[in-house]
């Protein structure tokens, strides 16, 4: 099985990509989607002078859009979507390929991330397991690898409402993995680290600003069942905002985000029903 790395980068962050490439064997297939919404020109020959790879410049924004575009243009059997600030561990590609060979029915696998001291980002389970609605809530985007056939044959895609530079600027991985589960695609966790990332994840931040997308994520996962669940989530996490006022705003934003997603989702469903009746 061939493994292809799909790097998403935005504007001047393209200059960080060579550091990602330096952690990969020279023969690794790499596709870079470079989002340049202002149309600025970049000298790719200069930036990647010692590497042969494919760069796709696009005048758009949105991490989910970047992931979808990369997957649509990919050719590898196994796709590893990643960011421009990660470092692949020395045996990462071998570990990824071996895991898919071992878990032959898996369409998606999630792995582990370590920090610059090679400590895991979080407390990971010791044994592999099949993902469910509860387990996907703790997955990072850069832990994911997938078979290209899930994209080609089953129509799997990232939800473009979620992720950086989208309507909900977070929750990319949870929204994606909910699509995975909805399609009935087997997804497993592998207790193997594959990438290094600086210890500065927004996943731990519970600011009032983040409440909006977190509420939307809950609605994506649980539908209207998210509304009672958010009460418990708010009680558990709102104290992290640092003040009583911040906790109140955070809780309000959670519900506003959930209601916003449910309203948009209902509208889209109604539009689909209209189209279906017209056929």
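The values are calculated or read from the model by the stated rules, or taken from the named source; none is laboratory data. Note that the structure is predicted; figures quoted are calculated from it, not measured. Note that we place each Cβ from the backbone using ideal geometry, even for glycine, and neighbour counts take in every protein chain shown.
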Candidate set: the range 141-152, residues that are closer than 24 Å to residue 198 by Cβ and touching a helix residue (DSSP H, G or I) at 6+ places or on another chain (Cβ under 6 Å); chosen: the one surrounded by the fewest Cβ atoms within 10 Å (Cβ to Cβ): 141
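Considering only residues that are farther than 25 Å from residue 220 by Cα and touching a helix residue (DSSP H, G or I) at 6+ places or on another chain (Cβ under 6 Å), which ones fall in the range 86-112? So that I can check it myself, show each step before the final result.
Restricting attention to the range 86-112, the residues satisfying the condition of being farther than 25 Å from residue 220 by Cα are 86-105.
Across the range 86-112, the qualifying residue is only 86.
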Check on residue 160, in a helix (DSSP H, G or I), at pLDDT 95 or above and touching a helix residue (DSSP H, G or I) at 6+ places or on another chain (Cβ under 7 Å): no
Selection status of residue 106, in the same structural domain as residue 197 (by TED's automatic domain parsing), in contact with a strand residue (DSSP E or B) (Cβ under 8 Å, 6 or more places away or on another chain) and either within 15 Å of residue 148 (Cβ to Cβ) or touching a residue at least 40 places away in the same chain (Cβ under 8 Å) (or both): yes
Qualifying residue in the range 64-83 (condition: closer than 24 Å to residue 161 by Cβ and either surrounded by fewer than 16 Cβ atoms within 10 Å (Cβ to Cβ) or outside the structural domain of residue 170 (by TED's automatic domain parsing) (or both)): yes
Residue within the range 133-148 that is within 20 Å of residue 223 (Cβ to Cβ), at pLDDT 95 or above and in a helix (DSSP H, G or I) present: yes
Tally, over the range 178-201, of residues that are in a loop (DSSP other than H, G, I, E, B), surrounded by fewer than 19 Cβ atoms within 10 Å (Cβ to Cβ) and modelled with pLDDT of 95 or more: 3
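For residue 91, are the conditions met, namely being more than 30 Å from residue 233 (Cα to Cα), exposed (fewer than 13 other Cβ atoms within 10 Å of the Cβ) and either more than 21 Å from the chain's Cα centre (by Cα) or not assigned by TED's automatic domain parsing to the domain that holds residue 218 (or both)? Can you show your working first?
Details: more than 30 Å from residue 233 (Cα to Cα): yes; exposed (fewer than 13 other Cβ atoms within 10 Å of the Cβ): yes; either more than 21 Å from the chain's Cα centre (by Cα) or not assigned by TED's automatic domain parsing to the domain that holds residue 218 (or both): yes.
So residue 91 passes the test.
Would you mention how many residues in the range 6-15 are in contact (Cβ under 8 Å) with a residue 60 or more places away in the chain and surrounded by fewer than 21 Cβ atoms within 10 Å (Cβ to Cβ)? Reasoning before the result, please.
Pass one, the range 6-15, residues in contact (Cβ under 8 Å) with a residue 60 or more places away in the chain: 6-10, 13-14.
Imposing the further condition that a residue be surrounded by fewer than 21 Cβ atoms within 10 Å (Cβ to Cβ) reduces the set to 10, 13.
Total meeting the criteria: 2.
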Residue 18 in contact (Cβ under 8 Å) with a residue 12 or more places away in the chain, in the same structural domain as residue 173 (by TED's automatic domain parsing) and not in a helix (DSSP H, G or I): no
Residues of the range 21-34 satisfying the condition of being touching a strand residue (DSSP E or B) at 6+ places or on another chain (Cβ under 8 Å), farther than 13 Å from residue 86 by Cβ and touching a residue at least 60 places away in the same chain (Cβ under 8 Å): 28
Residue identified as buried (at least 18 other Cβ atoms within 10 Å of the Cβ) and out of contact with any strand residue (DSSP E or B) (no Cβ under 9 Å at 6 or more places or on another chain) among 155, 171, 163: 163
